[in-house]
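Everything on this sheet refers to the single structure shown next.
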Amino acid sequence: MAKYLTDISIGSEFSQEFSNGYTKLDFNQTTKVVQDIFWYLIPNKLEFDGIGKLNIRITSEIPDIKYSETAVGFAQYTYGQFKFSEYFELSQIEKNRIILKILQKVILDILMHNQEKANTLIEITNKIRDIGFEYMTEDKKLCKWNRKRDCRALIIYKIDENGQNAYINLTDKNGVVFFEEHLLKNRVYDFYNNLYKTKWIENKFQIINRHGNLYKEFDVEKTTYKNVYKK
């Protein structure tokens with residue numbers, strides 16, 4: 001058994017076949033809005049029935065087994081009789097609502113013996129709906145003031161229908177943003193590999209990757225105002 005839930009994956013069942021030119025990747029990309037925001041919103045130390053990694057697999061078939069523990073700390077819930085052809089005709093916001101309902105059903109089924117814990121997680125899923133399937137958060141570890149404390153660098157993650165994207169903001173001592181720039185899109189382990197640690201060297205803010213190499217550098221004296229993610 002795992003102590004805390006650390007990962008969740010929502011996607012099609014591995015043997016699922018698609019028509020009309022769609023692929024497994026096409027479907028799985030549409031589930032990531034709900035999946036990723038849910039991951040950001042759950043507490044760091046959340047006990048979830050001994051599950052550390054939960055895989056939710058969606059299929060058009062009727063599954064022989066709906067829920068199983070595939071290994072220590074790993075569990076899989078298979079959601080059946082899904083109508084993929086109808087799903088692909090929907091807008092992304094409608095797809096988000098469907099995936100959210102599936103996630104809610106999975107939570108209620110797995111935690112049917114623990115209504116209090118189920119209610120806690122359902123509240124999180126309701127928040128995903130209430131914020132319009134868009135979420136923005138700062139990386140507290142990477143955000144830093146310079147030595148003079150007249151400039152602060154913020155690393156911000158935004159999750160929406162465009163996936164997970166990271167941005168940098170530079171603000172003055174009053175919190176006024178004077179520089180914004182898109183850093184990168186998180187495709188697989190892009191955040192994990194490239195946004196490892198940060199530091200100030202005089203007027204330069206540096207982002208260091210996991211190998212200890214310089215990923216990006218921003219010179220405060222050479223920056224000009226930009227507005228990227230608030231469009």
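The values are calculated or read from the model by the stated rules, or taken from the named source; none is laboratory data. Only a predicted model underlies this, so the values are computations on that prediction, with no experimental measurement involved. Note that each Cβ is placed from the backbone with ideal geometry, even for glycine, and that neighbours are counted across all protein chains shown. Protein only, heavy atoms only, side chains kept; ligands, DNA and RNA dropped before computing areas. Shrake-Rupley method; radii C 1.70, N 1.55, O 1.52, S 1.80 Å.
Of note:
- Calculated FRET efficiency, ASN20 to LYS127, Cβ-Cβ distance, R0 = 30 Å: about 0.30 to the nearest 0.05.
- Which of TYR157, GLY21, ILE58, positive extreme of dipole for the chain (C-beta unit charges): TYR157
- Mean shadow area of segment 1-121 over all directions, Cα convex hull, nm²: 7.4
- Spherically averaged projected area of the convex hull of Cα atoms, segment 68-202: 12.1 nm².
- Based on the reciprocal of the average 1/r between different C-alpha atoms, the Kirkwood radius for segment 1-63 equals 13.1 Å.
- With only the Cα atoms considered, the chain has a convex hull volume of 159 Å³ per residue.
- Leading residue at positive end of dipole, segment 1-149 (Cβ point charges), from ASN96, ALA118, TYR135: TYR135
- Accessible area of TYR79 (1.4 Å probe, protein heavy atoms only, ligands and nucleic acids ignored): about 60 Å².
- Mean Kyte hydropathy of -0.5 or more with a Cα span along the axis of at least 18 Å, helices from DSSP in the chain: 24-41, 92-110
- At 0.890 mPa s and 25 °C, Stokes D of segment 154-219 from Kirkwood alpha-carbon radius, µm² per second: 194
- Computed over segment 70-147, the quotient of the alpha carbon radius of gyration and 2.2 N^0.38 Å is 1.49.
- Relative contact order (%) - criterion: Cα under 8 Å, at least six apart; region: the chain: 13
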